[in-house]
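Heads up, the thing below is written out as structure tokens.
The values are calculated or read from the model by the stated rules, or taken from the named source; none is laboratory data. Owing to the predicted nature of the structure, the values given are computational and were not obtained by experimental measurement. Here the Cβ positions follow ideal geometry from the backbone for every residue, glycine too, while neighbour counts run over all protein chains shown.
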Amino acid sequence: MGNASASLYSFHIPGAQGKLACMLYSAGSDREYPTIIFTHGFPGHEKNAALAQLLRKAGFHVLIFYYAGCWGSEGVFSFAGSIRDTVDVIDFLMADETYHIDRRHLFLLGHSFGAPVIARAMEQRPFIYGAVFLMPYDLGRLYKMSRSDPELEASLLNLLQEGAEFIPNTSCQQFYQEIQENPDYYSYFPLMSMLAQKPIYWVSCKNDDQASEKIHTLPFMERLKQDPNNRILWHSYDTDHYFSNMQERLAGEITCFIEAAIAKDEAVWLDDAAFQERLTSILTQEFRTITSGQAAQRFHISKPYFCAMVKKVTGTTFSQLLLRHRMELAGQMLTFGTSPVAAIADYLGYSDASYFEKVFKKYYGCPPAEFRRAGTHST
């Protein structure tokens, strides 16, 4: 979970055509947080703020920005420009020293047309950790299919015309010509091999009247079967293009997917010695308030995996390690110091001195006062 210093920051990121309007839903400032960059659809009616709030609460930074020429960002909108803008945002976060970005764990979330946008951004910035394809809309594939299907062509033209009405200094004809010149660039199908290597959570809708599964998802998933080792997890839900009836559920699913992906990869590089060293450092510095969930976040792994690692490496539980650290420190303070028992309890993170005395007696077999009089520190 995010900490008490969670906040919202509004600022501009330099883009190729000027300032890009951004909002960072910050999960906190006590450490570096895995970060999700949202890319919106065309023209971007759905702002995804509710989903951003839920993912922030789950412990992620979430950055929402708008393509050049859209919703307060400077410049003139284009489909190619949207990809370039996304790459500019990624580069900004990679260089940022202000907002506590975990650069090892950058994720992209593309809604609708945002899906081919993030696919191309991942191609250009291969260090991106993973992604969420949310109701993906493959603009390039739809254009190719529309060349022999008048109904699809009319649907595409209606979409482009609707977008032009909300985006200044553009036209349906301009948009159509841009797709026509290079349809594959606005399609995620040519990037299947690259995408299959990344942890990607793919969400589509059985009843989507805008991004039909028949066109935008099912053919992709059929071809994906040729790669049995792919890392794409696909779920098809009974909702709509804007996932109106499942915001909280979706946030939970995304959270679980990202945490599992990070935990799986952390297992490859996190050897026992390194884990033990980092765990000892955390206990030494944060013993007053740290919980197992917070400690897991320090490692950027899930809580269940963290607890399993603690047991494997130390032979005991995190709570037992924390208790041991506190009690050994309490014993030292009683033996060599003069602070009152209540002050020692407060220093160790116990708000109730009588509860501290109860815990201490259970651990050492005698109350703190008797322990101090004896002047011994036996376990």
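Quick check, is residue 321 in a helix (DSSP H, G or I), surrounded by 12 or more Cβ atoms within 10 Å (Cβ to Cβ), in contact with a Phe, Trp or Tyr (Cβ under 9 Å, 6 or more places away or on another chain) and aliphatic (A, V, I, L, M)? Taking the combined requirement at face value, the residue does not satisfy it. Answer with yes or no whether residue 315 is surrounded by fewer than 15 Cβ atoms within 10 Å (Cβ to Cβ), at pLDDT 90 or above and within 37 Å of the chain's Cα centre (by Cα). Here the answer is yes, as residue 315 does meet what is asked.
Scanning region 279-294 for residues that are of a type in the set (S, T, N, Q) and assigned to a helix (DSSP H, G or I) gives 280, 281, 284, 285, 292, 294. When region 53-97 is filtered for residues that are within 19 Å of the chain's Cα centre (by Cα) and on the phi > 0 side of the Ramachandran plot, only 59 remains. Here 59, 41 are screened, and the one residue that is within 24 Å of residue 189 (Cα to Cα) and either in a loop (DSSP other than H, G, I, E, B) or touching a residue at least 12 places away in the same chain (Cβ under 8 Å) (or both) is 41. Note on region 191-262: enclosed helices (runs of 4 or more DSSP H) holding 1 or more residues that are free of Cβ contacts under 8 Å to residues at least 12 places away in the same chain and within 25 Å of residue 129 (Cα to Cα) are 218-224.
Suppose the filter is among the small types (Gly, Ala, Ser), touching a Phe, Trp or Tyr at 6+ places or on another chain (Cβ under 7 Å) and either within 30 Å of residue 95 (Cα to Cα) or surrounded by fewer than 13 Cβ atoms within 10 Å (Cβ to Cβ) (or both); does residue 130 pass it? So residue 130 fits the description; yes.
Here residue 178 meets each of (1) more than 30 Å from residue 94 (Cβ to Cβ); (2) in contact with a helix residue (DSSP H, G or I) (Cβ under 8 Å, 6 or more places away or on another chain) with one exception, condition (1). Here residue 102 meets the list (1) charged (D, E, K, R); (2) touching a Phe, Trp or Tyr at 6+ places or on another chain (Cβ under 8 Å); (3) in a helix (DSSP H, G or I) almost entirely, failing just condition (3). Taken together, the residues in region 135-154 that are farther than 21 Å from residue 190 by Cβ and either surrounded by fewer than 16 Cβ atoms within 10 Å (Cβ to Cβ) or within 33 Å of the chain's Cα centre (by Cα) (or both) amount to 3.
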